[in-house]
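Right, one structure below, let's go through it.
The values are calculated or read from the model by the stated rules, or taken from the named source; none is laboratory data. Keep in mind that what you see is a predicted model, and the values were worked out from it rather than measured. Using ideal geometry, Cβ is built from the backbone for each residue, glycine included, and neighbour counts are taken over all protein chains shown. Please note that ligands, DNA and RNA were not included when accessible areas were found on the heavy atoms of the full protein model with its side chains. Shrake-Rupley method; radii C 1.70, N 1.55, O 1.52, S 1.80 Å.
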Amino acid sequence: MPAPVPLRTPLLGPFRHGFSLRSAQEASDHAFEAPGRGAALAAFAVATGLGEVRQTKQVHGATLVEGSVSSEQTEADGLLSFPGGPAVGVRTADCVPILLADRVSGAVAAVHAGWRGVVAGIAPAAVARLGSRPGTILAAIGPAIGPCCFEVGPEVVDALVDGGAMPEDRRFANGRSRAGKPLVDLRACVAFQLEKSGLSKEAIALVGGCTYCDDEYHSFRRDGAASGRMLAAIAPNS
Ligand SMILES: [Zn+2]
């Protein structure tokens with residue numbers, strides 16, 4: 001069965017990029033979980049025109065590396081690439097994948113952010129590393145667990161508010177789950193951070209939906225250890 005066509009956004013049109021979906025093949029071999037493995041990676045490369053995608057060992061931190069000097073053993077949750085450099089990608093299943101592109105310089109970044117990465121500010125850090133003019137940076141925030149499903153402990157909400165990733169007045173904006181736990185919109189937190197970094201609303205696109213609700217995506221919370229991962233990747237423009 002062929003892999004589904006990766007999601008793309010017109011906002012990043014000049015840049016080769018894509019957010020993979022789940023496929024039967026991925027579900028069986030966790031294709032994107034091990035960097036460099038699997039037929040799904042080859043299918044993704046063909047569908048997006050990206051070729052080899054540089055990836056790292058993701059550790060829920062806030063470290064950024066240049067894809068040109070990273071390896072699969074490099075511990076980092078964000079990769080930068082500049083004109084002439086390689087395509088870069090991150091793997092997710094509920095965490096937020098973010099693709100950034102500077103429409104003037106051609107530089108790009110791929111970022112993996114769970115709530116810890118959001119609190120640590122990895123997306124704004126990537127914007128800062130891409131260049132001195134955030135007004136030229138475009139962002140695509142990919143499929144992640146949504147405010148419908150992402151129930152957290154109160155300490156997570158506190159960390160997001162204290163870390164400046166969520167305004168105080170949005171603290172309980174998404175209500176509570178049936179279990180009485182706060183629900184959080186992590187993608188909105190990332191968008192909020194990016195706007196604070198100088199990106200306009202029009203420069204930020206939301207791509208795809210809630211990974212937990214919709215089984216066209218992988219979801220670690222839904223599928224547990226059996227969950228595969230999706231790949232989000234982008235290449236710099238020369
Ligand atoms: Zn949902």
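Just one of the listed residues (157, 118, 190, 127) is over 19 Å from the mean Cα position of the chain (by Cα) and in a helix (DSSP H, G or I), namely 157. The residue list 15, 32 contains one member that is of a type in the set (Phe, Trp, Tyr), modelled with pLDDT of 90 or more and part of a loop (DSSP other than H, G, I, E, B), which is 15. One residue is enough: does the stretch 136-146 have a residue meeting the conditions more than 19 Å from the chain's Cα centre (by Cα), open to solvent by 20 Å² or more (accessible area, probe 1.4 Å) and polar (S, T, N, Q)? No, the conditions are met nowhere in the stretch 136-146.
Annotation note: Cβ proximity below 6 Å between a residue of the stretch 102-130 that is in contact (Cβ under 8 Å) with a residue 40 or more places away in the chain and a residue that is aromatic (Phe, Trp, Tyr) (sequence gap 6+ or interchain) occurs for 107/82.
With respect to being part of a loop (DSSP other than H, G, I, E, B) and within 25 Å of residue 101 (Cβ to Cβ), residue 198 fits the description.
Filtered by the rule that a residue be away from the ligand (no atom under 16 Å from the Cβ) and of a type in the set (D, E, K, R), the stretch 130-170 gives 133, 155, 158, 162, 168, 169, 170. All conditions in (1) in contact with a strand residue (DSSP E or B) (Cβ under 6 Å, 6 or more places away or on another chain); (2) touching a residue at least 40 places away in the same chain (Cβ under 8 Å); (3) more than 13 Å from the ligand (Cβ to nearest atom) hold for residue 186, with the sole exception of (3). Contact map, the stretch 202-219: residues that are within 10 Å of residue 146 (Cβ to Cβ) paired with residues that are β-branched (Val, Ile, Thr) and at pLDDT below 95, Cβ distance under 9 Å, separation 6+ or inter-chain. Pairs shown: 211/92. Return the pairs, sorted by first residue and then second, in which the second residue is open to solvent by less than 10 Å² (accessible area, probe 1.4 Å) and of a type in the set (Val, Ile, Thr), the first residue lies in the stretch 68-90 and is closer than 12 Å to residue 100 by Cα and in contact (Cβ under 8 Å) with a residue 60 or more places away in the chain, the beta carbons are less than 6 Å apart, and the residues are 6+ apart or on different chains. Here the result reads 81/88; 81/108, each pair linking the stretch 68-90 to a residue that is open to solvent by less than 10 Å² (accessible area, probe 1.4 Å) and of a type in the set (Val, Ile, Thr). Selection within the stretch 67-81: residues that are surrounded by fewer than 18 Cβ atoms within 10 Å (Cβ to Cβ) and either under 17 Å from residue 131 (Cβ atoms) or small (Gly, Ala, Ser) (or both). The member of this set that is modelled with the highest pLDDT is 68. Here is a check on your reading of the model: is residue 87 open to solvent by 10 Å² or more (accessible area, probe 1.4 Å), modelled with pLDDT of 95 or more and more than 18 Å from residue 200 (Cβ to Cβ)? The answer is no for residue 87.
Residue 233 - would you say it is more than 16 Å from the ligand (Cβ to nearest atom) and surrounded by fewer than 16 Cβ atoms within 10 Å (Cβ to Cβ)? The answer is no for residue 233.
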